[in-house]
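Just below is one structure, and these are the notes that go with it.
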Amino acid sequence: MVRMTRPSRRHVAMISAAIGMAALAGCAGPVVSAIAPPPYRDEAAAGYDVTWRALVRALAGENVPLRVVAKDSGVISTDDFISPIGVYADCGRMGEVQLEGEAMGSFTLFVVPGRDGTATLIQVNSKMHTHAYRRGGSGRLKTDRVFQCVSTGRWEANLLDSVRRLVKE
């Protein structure tokens, strides 16, 4: 004769918790990160010194916090600064919904004199991540997870437009 036993309360609670976690994980949807673009590259139609001064003036005009300014090696590095997600940063989707909120971003600029001395090459590398996020436009901002973000290219394009304008002055 086979004797039937009832599962213990602890065993039932563990099974219920596992089912609940699986159900919640299924509702959240996967996080899809944005595809990282290559570094932003452009050139200014002016010599190195003129372009360097214009670049520093453009960064100062935008009130960008600077970490490193090394003219002899042609490197400028910014500190992290906060930007709304979607303006300068694309942080991907959670399921089918875009992430919104705030992103932390920093940029490293490399400035190299052109071969003929009449143009200066500029490369901008970006590094970004979420500071506070939410799914879509609803709900409060959360800081429990950090998602990697990529640049939309807008900050870099605006900066180089300012540099082109300033080198003409």
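The values are calculated or read from the model by the stated rules, or taken from the named source; none is laboratory data. Since the structure is predicted, the reported quantities are computational estimates derived from the model, not experimental observations. When we count neighbours, we look across all protein chains shown, and the Cβ atoms used for this are built from the backbone with ideal geometry, even at glycine. Ligands, DNA and RNA are excluded from the accessible area calculation, which covers all protein heavy atoms including side chains. Shrake-Rupley method; radii C 1.70, N 1.55, O 1.52, S 1.80 Å.
Of the conditions (1) more than 30 Å from residue 48 (Cβ to Cβ); (2) open to solvent by less than 50 Å² (accessible area, probe 1.4 Å); (3) among the hydrophobic types (A, V, I, L, M, F, W, C), residue 146 fails just one. Which one is it?
Result: residue 146 fails condition (2) only.
Which condition does residue 164 not pass, out of (1) farther than 19 Å from residue 90 by Cβ; (2) in contact with a Gly (Cβ under 9 Å, 6 or more places away or on another chain); (3) surrounded by 13 or more Cβ atoms within 10 Å (Cβ to Cβ), if it passes all the others?
(2)
Kindly indicate which of 113, 84 is open to solvent by 70 Å² or more (accessible area, probe 1.4 Å) and closer than 13 Å to residue 155 by Cβ.
When all the criteria are applied, what remains is 84.
Filter the range 50-95 down to the residues that are acidic (Asp, Glu) and in contact with a strand residue (DSSP E or B) (Cβ under 9 Å, 6 or more places away or on another chain), then identify the one that is nearest to residue 37 (Cα to Cα).
The residue in question is 90.
Within the range 130-169, can you find the residues that are within 19 Å of residue 97 (Cβ to Cβ), within 16 Å of the chain's Cα centre (by Cα) and not in a loop (DSSP other than H, G, I, E, B)?
130, 131, 132, 133, 134, 148, 149, 150
For a quick check of your reading: which strands (runs of 3 or more DSSP E) sit entirely within the range 39-117 and have at least 3 residues that are of a type outside the set (A, V, I, L, M, F, W, C) and in contact with a Lys or Arg (Cβ under 6 Å, 6 or more places away or on another chain)?
Hits in the range 39-117: 97-113.
Of all residues in the range 38-78 being touching a residue at least 24 places away in the same chain (Cβ under 8 Å), acidic (Asp, Glu) and open to solvent by 50 Å² or more (accessible area, probe 1.4 Å), which is nearest to residue 165 (Cα to Cα)?
43
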